[in-house]
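Here the structure is laid out as structure tokens; the discussion comes afterwards.
The values are calculated or read from the model by the stated rules, or taken from the named source; none is laboratory data. Since the structure is predicted, the reported quantities are computational estimates derived from the model, not experimental observations. Glycine also receives a Cβ, built like all others from the backbone with ideal geometry; neighbour counts cover every protein chain displayed.
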Amino acid sequence: MKNPDSPKMIAYVSLMTAAIALASALLKFPILFGYVHLGDGLIFVAAMIIGPYAAMPAAVGSAMADVFSGYLIYAPVTFLIKGVMGWAAGYFSMQLRDIKHPYIFLTVVYVLCELWMAFGYLVYDWFLYKEAALGMLPFNLLQGVFGILIGLIFVKAFHRIRPLENLAEDKD
């Protein structure tokens, strides 16, 4: 992680930002309040690839998806919530990288990240809608379960990739 501004890191962050935005805005399935999407799963993929730097594509990509999907009122809080998710998942993904079978630990990390997401939206929705926010909580939790499942599907594939170590060696 010596060279976070290398061309390769910029490319990873840019590609993951676009992938998260597209997966959140286009690969979605409507539910009663909002939708579930593949974006959270891709946040966890970004975390496995670029570590805590996943905060940027998580925040920007997810907020862009809100804007493009007509949920502009949620974009600022999404930026904060998803940015923290990306950072936390990335930080712990890097800490657990050398564990032979990190799946249980990463599942716990992903669950905590998604609980953070559901709690963050609950607080924001409470500010907007008062008690009606409680009715939206199950749908945010459903989004969380969906994100965890998508993330865990990709953990095995990305567990052995060590792009951060390769980035540190770049002489660009």
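Report, by residue number, each residue of region 25-58 that is of a type in the set (Gly, Ala, Ser) and more than 21 Å from THR107 (Cα to Cα). Scanning region 25-58 gives ALA25, GLY34.
For every residue, the table says whether it meets (1) modelled with pLDDT under 90; (2) touching a helix residue (DSSP H, G or I) at 6+ places or on another chain (Cβ under 6 Å).
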site	(1), (2)
ALA75	no, yes
HIS101	yes, no
GLU131	no, no
ASP172	yes, yes
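On inspection, ASP5 passes the criterion of being of a type in the set (Asp, Glu) and outside any helix (DSSP H, G or I). Note on region 35-69: among residues that are of a type in the set (Ser, Thr, Tyr) and assigned to a helix (DSSP H, G or I), the one that is surrounded by the most Cβ atoms within 10 Å (Cβ to Cβ) is SER62. Return the residue satisfying two criteria in turn: it lies in region 56-80 and is in contact with a Ser or Thr (Cβ under 8 Å, 6 or more places away or on another chain) and β-branched (Val, Ile, Thr), and of such residues it is farthest from ALA46 (Cα to Cα). Residue satisfying both the conditions and the ranking: THR78. Here LEU167 fulfils each of the conditions (1) surrounded by 14 or more Cβ atoms within 10 Å (Cβ to Cβ); (2) at pLDDT 70 or above; (3) under 21 Å from LYS8 (Cα atoms) apart from (2).
Regarding VAL67, is this residue within 14 Å of the chain's Cα centre (by Cα) and at pLDDT 95 or above? Against the criterion (within 14 Å of the chain's Cα centre (by Cα) and at pLDDT 95 or above), VAL67 does not qualify.
Of the residues making up region 18-34, those that are under 14 Å from the mean Cα position of the chain (by Cα) and surrounded by fewer than 20 Cβ atoms within 10 Å (Cβ to Cβ) number 3. Tally up the residues in region 94-112 that are of a type in the set (Val, Ile, Thr) and in contact (Cβ under 8 Å) with a residue 40 or more places away in the chain, please. Summing the residues that are of a type in the set (Val, Ile, Thr) and in contact (Cβ under 8 Å) with a residue 40 or more places away in the chain in region 94-112 gives 1. For beta carbons closer than 9 Å, sequence separation of 6+ or different chains, a first residue in region 113-127 that is within 23 Å of ALA46 (Cβ to Cβ) and among the β-branched types (Val, Ile, Thr) and a second that is modelled with pLDDT of 95 or more and not in a helix (DSSP H, G or I), there are no qualifying pairs. The set of residues from region 70-104 being within 21 Å of TYR129 (Cβ to Cβ) and either assigned to a loop (DSSP other than H, G, I, E, B) or over 17 Å from the mean Cα position of the chain (by Cα) (or both) comprises GLY70, TYR71, LEU72, ILE73.
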